[in-house]
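S.K.: There's a structure below that I have some questions on.
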Protein chains: 2
Amino acid sequence: MAEGLQPQMGQSLLFLTDEQLRKGIEAMFFAYRGFTADPDRILAQKSYGRAHHRAIHFIHRSPGTTVNNLLSILGVTKQSLNRVLRTLIEDGLVASTVGKKDKRERHLHLTPLGAALERELSDAQRDRMRAAYRAAGPAAVAGFRQVLEAMMDDEARHHYEAMKDRPE
Amino acid sequence: MAEGLQPQMGQSLLFLTDEQLRKGIEAMFFAYRGFTADPDRILAQKSYGRAHHRAIHFIHRSPGTTVNNLLSILGVTKQSLNRVLRTLIEDGLVASTVGKKDKRERHLHLTPLGAALERELSDAQRDRMRAAYRAAGPAAVAGFRQVLEAMMDDEARHHYEAMKDRPE
DNA sequence: TTGGAATGTCAACAAAGCTGACGTATTGTG
DNA sequence: CACAATACGTCAGCTTTGTTGACATTCCAA
């Protein structure tokens with residue numbers, strides 16, 4: 001039966017075979033490890049972890065964001081985020097200011113110190129990303145982004161698109 | 001200066017801007033969460049974790065693999081892997097047999113029970129992958145794979161390619 | 001003024017990684 | 001043969017990062 005189907009499929013559907021899907025799964029696993037390796041090395045020296053990196057990244061990306069908003073972007077519990085945020089505030093990397101309109105909210109910003117670490121981390125991560133982009137070329141990059149977007153949950157895609165194409 | 005460079009770049013290098021690279025970084029973050037979400041839900045019910053999934057996946061993929069080989073694929077310490085492997089063996093999902101040629105080695109196989117869980121997990125993960133592939137199309141999938149491969153560490157790429165295009 | 005939303009904090013716990021040390025087979029080598 | 005190296009397992013202890021649940025505070029809005 002499998003032999004009978006194969007020739008009918010044509011090559012247009014060959015990328016949907018179990019084997020191709022499994023290779024995609026493995027590619028995600030191995031690539032994600034590379035993706036986090038460089039920042040992880042920097043973070044380990046400063047006794048921070050990936051959770052700190054994520055908080056710093058998205059605070060940089062959305063300056064003045066509230067704790068609740070950051071919570072829904074990161075998809076963790078407030079207790080988990082709070083622990084990370086507390087150390088970043090204590091260490092002077094993040095500033096937390098009471099909201100003007102709604103004083104319950106805290107608005108988060110990177111301090112100059114925090115911005116420096118953000119730059120160090122994202123430089124390292126972008127170096128690898130740049131090398132991968134350059135090696136693969138623009139067409140591959142477009143496909144890469146398309147597949148990743150299609151892989152996201154609706155909520156994640158919403159956050160992702162909300163941050164799309166911001167001016168630097 | 002930035003304004004001066006922009007027109008000279010041409011659109012062929014537009015995918016290497018900081019903004020594009022940052023979007024790639026965020027796409028990886030959000031997509032990876034989606035990528036693991038479905039198996040995670042199944043695993044949580046059975047009180048297993050992602051580490052168990054990874055072990056099961058690669059034992060399925062390379063039946064009879066040794067502990068050492070699995071170790072280098074997964075990139076964790078033997079203590080960490082051992083904890084996971086022990087529960088899988090105790091629960092009857094994985095069989096460990098003494099090597100014939102080298103009796104120090106243990107060869108790992110999935111039992112029928114282990115194979116059933118593997119199928120359940122990979123079905124869930126492949127469903128999402130298939131949907132993403134279908135939505136993005138064959139050309140995008142090729143680019144996706146290219147970029148991910150370029151993002152891997154050399155050692156990871158080696159493992160990845162060693163498992164390439166196995167017959168099912 | 002009272003209910004609910006946003007925030008913060010305490011405690012307890014689990015998954016999954018790490019280091020270091022040690023024991024036991026087994027194998028390869030001088 | 002003797003000894004070093006390899007493969008594996010295990011004990012103990014620690015870290016990061018996630019989870020629940022409970023509870024207090026502050027503040028907005030009906």
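S.K.: Please indicate, with yes or no, whether at least one residue in the stretch B:30-49 is at pLDDT 95 or above and more than 30 Å from B:THR87 (Cα to Cα).
M.R.: Yes, the stretch B:30-49 contains a residue that is at pLDDT 95 or above and more than 30 Å from B:THR87 (Cα to Cα).
S.K.: Something else now. Given the residues A:ILE59, A:ILE42, which is the only one that is more than 28 Å from B:PRO39 (Cα to Cα) and buried (at least 20 other Cβ atoms within 10 Å of the Cβ)? Steps first, please.
M.R.: Numbers: A:ILE42 fails: buried (at least 20 other Cβ atoms within 10 Å of the Cβ).
Selected residue: A:ILE59, the only one of A:ILE59, A:ILE42 that is more than 28 Å from B:PRO39 (Cα to Cα) and buried (at least 20 other Cβ atoms within 10 Å of the Cβ).
S.K.: May I pose another question? Which number in (1) part of a loop (DSSP other than H, G, I, E, B); (2) within 30 Å of A:ASP127 (Cβ to Cβ) marks the one condition that B:PHE144 misses?
M.R.: (1)
S.K.: Can you pull out the residues in the stretch A:62-90 that are more than 8 Å from DNA strand D (Cβ to nearest atom) and crowded, with 20+ Cβ neighbours inside 10 Å?
M.R.: Passing the criteria: A:LEU70, A:ILE73, A:LEU85, A:LEU88.
S.K.: Just give me the residues in the stretch B:66-96 being more than 11 Å from DNA strand C (Cβ to nearest atom) and either part of a helix (DSSP H, G or I) or of a type in the set (Ser, Thr, Tyr) (or both), in sequence order.
M.R.: Once the filter is applied, which keeps residues that are more than 11 Å from DNA strand C (Cβ to nearest atom) and either part of a helix (DSSP H, G or I) or of a type in the set (Ser, Thr, Tyr) (or both), the stretch B:66-96 yields B:THR66, B:VAL67, B:ASN68, B:ASN69, B:LEU70, B:SER72, B:ILE73, B:ARG86, B:ILE89, B:GLU90, B:SER96.
S.K.: If we keep just the residues of the stretch B:97-119 that are outside any helix (DSSP H, G or I), farther than 27 Å from A:MET28 by Cβ and without any contact (Cβ under 8 Å) to a residue 24 or more places away in the chain, which is farthest from DNA strand C (Cβ to nearest atom)?
M.R.: Selected residue: B:THR97.
S.K.: Determine whether the stretch A:130-143 contains at least one residue that is within 13 Å of DNA strand D (Cβ to nearest atom), within 18 Å of the chain's Cα centre (by Cα) and crowded, with 16+ Cβ neighbours inside 10 Å.
M.R.: Restricting attention to the stretch A:130-143, the residues satisfying the condition of being within 13 Å of DNA strand D (Cβ to nearest atom) are none.
No, there is no match, as no residue in the stretch A:130-143 is within 13 Å of DNA strand D (Cβ to nearest atom), within 18 Å of the chain's Cα centre (by Cα) and crowded, with 16+ Cβ neighbours inside 10 Å.
S.K.: Could you check, for the stretch A:84-104, whether at least one of its residues is charged (D, E, K, R), more than 27 Å from A:MET152 (Cβ to Cβ) and under 22 Å from the mean Cα position of the chain (by Cα)? Walk me through it before giving the result.
M.R.: Here is the first cut: in the stretch A:84-104, the ones charged (D, E, K, R) are A:86, A:90-91, A:100-104.
Retained after the next criterion (residues that are more than 27 Å from A:MET152 (Cβ to Cβ)): A:86, A:90-91, A:100-104.
Among the residues that remain, those that are also under 22 Å from the mean Cα position of the chain (by Cα) are: A:86.
The answer is yes; a qualifying residue exists.
S.K.: Out of curiosity, is B:HIS52 touching a helix residue (DSSP H, G or I) at 6+ places or on another chain (Cβ under 7 Å) and within 7 Å of DNA strand C (Cβ to nearest atom)?
M.R.: Values: touching a helix residue (DSSP H, G or I) at 6+ places or on another chain (Cβ under 7 Å): yes; within 7 Å of DNA strand C (Cβ to nearest atom): yes.
Considered against the rule, which asks whether it is touching a helix residue (DSSP H, G or I) at 6+ places or on another chain (Cβ under 7 Å) and within 7 Å of DNA strand C (Cβ to nearest atom), B:HIS52 comes out as yes.
The values are calculated or read from the model by the stated rules, or taken from the named source; none is laboratory data. Keep in mind the model is a prediction, meaning the values are calculated, not measured. No Cβ is skipped: glycine too gets one built from the backbone with ideal geometry, and neighbour counts run over all protein chains shown.
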